Amino acid sequence: MGTLRDLQYALQEKIEELRQRDALIDELELELDQKDELIQRLQNELDKYRSVIRPATAQQVQAQQQSLVLQPDQHRSKRQAISAEPTACDISALSHVTLPFYPKSPESKELIKEAILDNDFMKNLELSQIQEIVDCMYPVDYGKDSCIIKEGDVGSLVFVMEGEEMTTQIWT
C-alpha cells in the first residue's frame, strides 16, 4: 500500500499547489481591477484637461488649410494614419488648472445642459465634463442685430441662447 500513500501525498501536494495558484490568480485579478480603475480615472482627467486646452485660432486653421492645397504638379497620396490625439501635451502643466465658475439659476443650468446634449459633437461627453462646461459658461449681452457667429466661421466658443426675442441672454 506504499504506492497508494505516495499517490495520496502527491495528490495533496498538487491540491496545495492549485490553492496557491488560485490565490495568486485572485491577487493578480484584484491588481488588474485596480489598474483598470486607475486607467479610467486617468483617462477622465486627460479628457478634462483636453477639454480646456485652447482650440486652434482662425489663423492656424487657415494656414493648415492652405498647406493642404495641392499644387498642379503634386499628386494626392493615400493617408497612412490619422491621429487626433495631441502628442506633445504636458499633463503635469495642466494639473493645477482651475476652471472658472459662474453662478446661474437651475433653469439656466438645465437649458445649457440640454443644449450640449442636443449637440452632435458634444453629446458624447461624460456627464462630469458637461457639468464643468455648464459651470464655466457665463452670460454675455449683445446689442440688437449684433452678428454673434456666422455660418462657416471657425469658432472656439459654445453659444446657448436663452429667452424670448426681446429678452435674450446668451451663455458663452
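Would you list, by chain and number, the lysines whose Cα falls below 27 Å from the Cα of LYS35, excluding same-chain residues fewer than 8 positions away?
LYS48
Keeping all protein chains in position, work out how much accessible area ARG21 exposes to a 1.4 Å probe, and write it in Å² to the nearest 10.
Roughly 140 Å² of ARG21 is accessible to a 1.4 Å probe.
Can you sort TYR49, TYR142, TYR9 by 1.4 Å-probe accessible area, starting with the largest?
Per-residue accessible area, sorted high to low, gives TYR9, TYR142, TYR49.
Excluding PRO100 itself, what net charge comes from residues whose Cβ is under 12 Å from its Cβ, given Lys and Arg +1 and Asp and Glu -1?
In short, -2.
Could you please put SER105, SER156 in sequence from largest to smallest accessible area, using a 1.4 Å probe?
If we order SER105, SER156 from most to least accessible, we get SER156, SER105.
Within a Cβ distance under 12 Å of ASN44, other residues only, what is the Lys/Arg minus Asp/Glu net charge?
Once positives and negatives cancel, what remains is -2.
Using a ≥ b ≥ c from the Cα gyration tensor of the stretch 104-163 (square roots of the eigenvalues), is it rounded, prolate or oblate, where a/c under 1.5 gives rounded and otherwise the larger of a/b and b/c decides, a/b for prolate? The partial results should precede the final answer.
Working: a/c = 2.22, a/b = 1.31, b/c = 1.69.
It is oblate, given that a/c is not under 1.5 and a/b is not larger than b/c.
The values are calculated or read from the model by the stated rules, or taken from the named source; none is laboratory data. Please read these numbers as outputs of a predicted model, since none were measured by experiment. Quick reminder, even Gly has a Cβ in these numbers, built from the backbone with ideal geometry, and neighbours come from all protein chains shown. We work out accessible area using only protein heavy atoms, side chains counted, and drop any ligands, DNA or RNA first. Shrake-Rupley method; radii C 1.70, N 1.55, O 1.52, S 1.80 Å.
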